[in-house]
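The values are calculated or read from the model by the stated rules, or taken from the named source; none is laboratory data. Computed from a prediction, not measured in an experiment: that's the story for all the values here. So basically every Cβ, Gly included, is an ideal-geometry build from the backbone, and we count neighbours across all protein chains shown. The protein model used for the area step is the full one, side chains on, heavy atoms only, and it has no ligands, DNA or RNA in it. Shrake-Rupley method; radii C 1.70, N 1.55, O 1.52, S 1.80 Å.
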Amino acid sequence: MSQERHSELGIHPLADEAELAKRQQMTRRAKMVLVVVLVLLAAGAARTVVSRVANARELEAGTAERAKVFVRVTEARSSTDGQTLALPGTLQGFVQSPISARSGGYLKRWYKDIGSEVKKGELLAELDTPEIDQQLSQAVAARAQAASSMELAKSSMARWEALRKKDAVSQQEVDERRSAYAQANSNLAAADANVQRLRQVEGFKRIVAPFSGIITRRNVDVGDLIDPGAGRALFVLSQTDPLRVYVNVPQSYANLVKPGQKVVVTQAELRGRKFDGKVARTAGSIDPATRSMQIEVSLPNADNALLPGAFVQVSLPLKPSGTLLVSADTLMFRRDGSLVAAVDAQNKVRLKKVQVGRNFGLTVEVLDGLEGNERLILNPSDSLADGDAVEPTMDKKKAAS
């Protein structure tokens, strides 16, 4: 545009240049703002993409982590340390006997009550036996009568033998006198035996202890009628040192228990105390009704801490059988039988069928199916299948045991 044209339009040239410069400056600012906005948008987009990628990776890692099956494992070990079998039992006196009366009468008095310690031959009670006393007096009189008859028969035989030497009597008459003397002598022997019997019966009115022990029961009182044929026990006497414990050992352990084997007896009420005993004898046969063998344990009880009749636990240490032992928590029972879930070197599950032997409570014997030192899963789930990937962790308690 020429100056003349500017003059015609009334526009000053300097004003146009200033306006143009201002417009150019505004354009540059707008471009800068646009660039900044684009940069911010690009940065935001990049941040979003990075965040999403990171979240995706984290989600993938978390999903993979949660998809892992974490299991506790233990090792199968050889039974070189042996096992301890705990069985219930009841204490009994080594000798326990009911004391009954041999003669009949009334209880005159008793001298020992329950809990009394007695010695062998010590007097426990006395009976009043008037009938037996009268029978003894009658027997003594009959014996005296038989003795007189024998003396008479003896003197008669002597006289008739003297007469026979003079041929004053026949031999038949002498033989009759000899027979009468023999019969009188036999009658005297019978009378002596009857007197001795009644004296022994009368001696039973003194009830004495047949062995040393403790009176555990008294069933009579003063004035009671005692009938020897009724089978009523006056006292129950028990020898408490040593004691006996009868235990029924299952058939699967019967061949491991031998006479002389040491045992440990515990009672729940006597906490912290253990009593050492030994197997005195075994029945040597299996009871077909219970499939168990009865054994007798002899247990010293010098301080009388254990009481007859108490319920106790008898721990029998068994010799090692050399078979593999596994935790009872590793067994799985399916239609194929007893199984265990082993973890191989690639942390894959391998289900193995095993033949189970004796059950020791916390552990069981495995007779076949394992080689030893396998890592076995504890408490395997029912959904566990062969070939599953797992993350094993050794169980410290099981490993320590």
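Here are the numbers:
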| read-out | value |
| --- | --- |
| DSSP beta bridge pairing in the chain, given as percent antiparallel to the nearest 5 | 95 |
| Flagged links, alpha-carbon separation over 19 Å, of LYS119/LYS278; LYS319/LYS353; LYS278/LYS319; LYS319/LYS352; LYS258/LYS278; LYS112/LYS205 | LYS119/LYS278; LYS319/LYS353; LYS319/LYS352 |
| Cα centroid separation - region 363-388 against region 210-265, whole Å | 48 |
| 13 Å beta-carbon shell around ALA147, net charge (K/R +1, D/E -1) | 0 |
| Shape of region 130-267, Cα gyration tensor, a/c cut at 1.5 | prolate |
| Protein-only accessible surface order, largest first, of THR290, THR266 at 1.4 Å | THR290, THR266 |
| Cα convex hull volume per residue for region 48-172 (Å³) | 463 |
| Solvent-accessible area per residue for region 297-341 (1.4 angstrom probe, square angstrom) | 47 |
| Region 332-392: proportion of alpha-carbon pairs further apart than 16 angstrom, % | 43 |
| Computed Kirkwood radius, in angstrom, where 1/r is averaged over Cα pairs of region 260-401 | 18.7 |
| Distant-in-sequence amide H partners of THR363 (H built 1.01 Å from N, under 5 Å) | ALA328 |
| Zero-based 20 Å bins, Cα pair distances in the chain, whole percents | 16, 22, 18, 15, 11, 8, 5, 3, 2, 1, 1, 0 |
| Accessible area of the chain belonging to carbon and sulfur atoms, whole % at 1.4 Å probe | 52 |
| Gyration tensor (alpha-carbon) shape descriptor, region 163-237, a/c threshold 1.5 | prolate |
| DSSP H segments from the chain that extend 24 Å or more along their own axis, Cα-based, with Kyte-Doolittle mean of -1.0 or above | 13-67, 130-165 |
| Solvent exposure of region 63-171 as accessible area per residue, Å², 1.4 Å probe | 63 |
| Cβ-based net charge around GLY372, under 9 Å, with every Lys or Arg adding one and every Asp or Glu removing one | -2 |
| Heavy-atom SASA rank of THR48, THR84 (probe 1.4 Å, accessible area, largest first) | THR84, THR48 |
| Heavy-atom accessible area ranking, 1.4 Å probe, most first, across TYR111, TYR253, TYR246 | TYR111, TYR246, TYR253 |
